[in-house]
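Have a look at the structure below before the remarks.
Values quoted throughout were computed directly from the atomic coordinates according to the rules given, and no laboratory measurement underlies them. Please read these numbers as outputs of a predicted model, since none were measured by experiment. We place every Cβ from the backbone using ideal geometry, glycine too, and count neighbours over all the protein chains shown.
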Amino acid sequence: MLLQEPPRPAAGAPRHRRRGRRPRLIVAVVLALVLGTAGISYTQALTFPGDASWQVRTVEWVRDNGGAGLVNIVENWWFAHNVPTGTAPAPGSLPTVTGSGAPAVAAAAQPPRLPLLSGVTPLTGEGVWVPSAQTVAGAPVMDTGYFRPDPAYPSQIVGAAWLDQSLTSTRLISGTREPGGTSPDGAQVPPQLRPTLVAAFNSGWKMKDISGGFYAAGRTAVPLQDGAASLVIDTAGRVTVGQWGRDVSMSPQVASVRQNLSLVVDQGRAVSGLADNSSGAWGSAKNQFQYTWRSGVGTDRSGNLVYVAGDKLTLAGLAQAMVEAGVQRGMELDIHPGMVTFNTFHPAPGGPFGLAAAKLLPAMPQPATRYLQPDQRDFFAVTVRSGAAALSSSVPAGSR
């Protein structure tokens with residue numbers, strides 16, 4: 001009997017199946033590693049110390065992991081369609097204005113007059129400066145108000161704050177993430193400053209998104225750049241805003257410097273080129289067309305500090321609002337929801353952190369107590385100047 005060779009498997013059947021599984025297995029392993037690594041990275045972003053919403057953390061994680069171009073495209077499309085309406089703003093979006101008349105004691109310096117829309121009935125409190133609860137010898141150290149900068153968009157509201165630099169002192173405080181490294185102040189308003197705290201407000205863009213630097217507490221976290229718009233604080237806590245290398249420069253009297261993009265207001269006028277941003281001096285292409293939350297800071301003719309912010313503003317719209325609020329030289333600060341914050345404070349025993357806190361504009365997304373706990377982003381804190389006359393925390397007599 002002849003031995004028969006056992007039948008051979010169909011050509012390539014098991015062997016090919018094994019070979020076919022191998023590339024798929026490799027792809028699965030690589031995909032698992034990528035997703036696992038991404039998941040770990042994203043989890044770290046969500047749990048990184050410092051205050052920030054999950055939405056902000058998510059967008060910044062995408063930006064930091066190769067998705068900056070995608071985020072720019074989405075933001076440009078979304079905010080370009082976020083055009084303000086031609087109707088009056090919702091009552092809930094307006095700051096509450098209380099009292100009437102003048103403060104108990106007139107301050108030596110006075111804020112510039114806020115504009116009103118021509119031919120339009122003013123809203124309650126529109127164009128009115130409200131003195132702060134914090135006073136020195138009866139004179140307010142700050143005034144806040146709101147106005148509508150564009151007659152084409154009467155729904156558009158801009159908040160403004162004017163701070164008397166003879167009575168206040170400003171400090172730049174690092175966050176847990178920006179500009180990087182350890183924050184000497186714990187990324188929050190230090191407890192010793194809180195009894196005299198007047199205001200706290202947002203700083204500029206993330207350092208990796210700009211060509212600009214950061215200097216504070218004797219340390220250069222990011223090298224300073226000639227030509228950049230710069231908020232410079234001297235050792236007495238007084239702020240100057242200008243172009244680095246032209247208006248301001250390093251000296252022994254400089255305590256801190258925060259740079260952000262290029263100036264948007266110079267010599268009391270909006271600078272040219274804001275509408276096209278052809279040089280990229282104010283961020284990525286088409287960023288200037290976004291109708292979004294924007295903020296800016298500058299100084300008036302007397303050298304006092306002026307902060308301006310509002311929703312659904314283009315870059316040119318922000319600059320024009322800053323001019324109308326009296327800014328002579330000014331720079332854009334941070335933009336987009338969740339980034340723009342200006343909160344006012346005065347002592348209030350029994351209140352959170354022993355303070356009464358309020359937003360400059362009710363619609364500002366972050367809580368009024370932001371910066372009283374560690375925050376991821378750097379910011380500015382304004383206090384009553386040390387050595388000034390005795391502080392009074394009484395509610396102001398009214399508006400002016």
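Over all directions, how big on average is the projection of the convex hull of the alpha-carbon atoms in segment 299-358, in square nanometres?
That works out to 5.3 nm², a quarter of the Cα hull's surface.
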Got a sec to turn the phi values of segment 303-319 into Karplus ³J(HN,Hα) couplings, 6.51 cos²θ - 1.76 cosθ + 1.60 with θ = phi - 60°, whole Hz, x for Gly and Pro?
-> x, 8, 7, 10, 10, 9, 7, x, 8, 6, 10, 7, 4, 5, x, 4, 4
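Roughly how many debye, to the nearest 20, is the charge dipole of segment 293-392 about its Cα centre, given +1 on each Lys and Arg Cβ, -1 on each Asp and Glu Cβ, and no other charges?
For this selection, approximately 100 debye.
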Kindly give Rg over Rh for segment 91-392, based on alpha-carbon atoms, with the Kirkwood expression for the hydrodynamic radius.
-> 0.94
Log entry: pair-distance distribution for segment 185-339, C-alpha pairs binned every 5 Å from zero, whole % per bin is 2, 10, 18, 23, 22, 15, 8, 3, 1, 0
Segment 264-315 versus segment 182-245: alpha-carbon centroid distance in Å | 19
Of 199-206, 360-367, 161-168, 116-123, ordering from highest average Cβ density within 10 Å down gives 199-206, 161-168, 360-367, 116-123
From the phi of every residue in segment 73-79, what ³J(HN,Hα) in whole Hz does the Karplus formula 6.51 cos²θ - 1.76 cosθ + 1.60 yield, where θ is phi - 60° and glycine or proline is x?
-> 4, 5, 5, 4, 5, 5, 6
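What does the highest-first list of 256-263, 130-137, 151-158 look like by mean Cβ count within 10 Å?
Highest to lowest by the protection proxy: 256-263, 130-137, 151-158.
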Dmax and Rg, reported as Rg then Dmax, of segment 55-95 (C-alpha, Å) | 15.0, 41
Short to long, in 10 Å steps from zero, the percent of alpha-carbon pairs of segment 211-253 per bin is 29, 63, 8
Work out the length of the dipole vector of segment 205-342 about its Cα centre, built from +1 on the beta-carbon of each Lys and Arg and -1 on the beta-carbon of each Asp and Glu, and round it to the nearest 20 debye.
-> 160
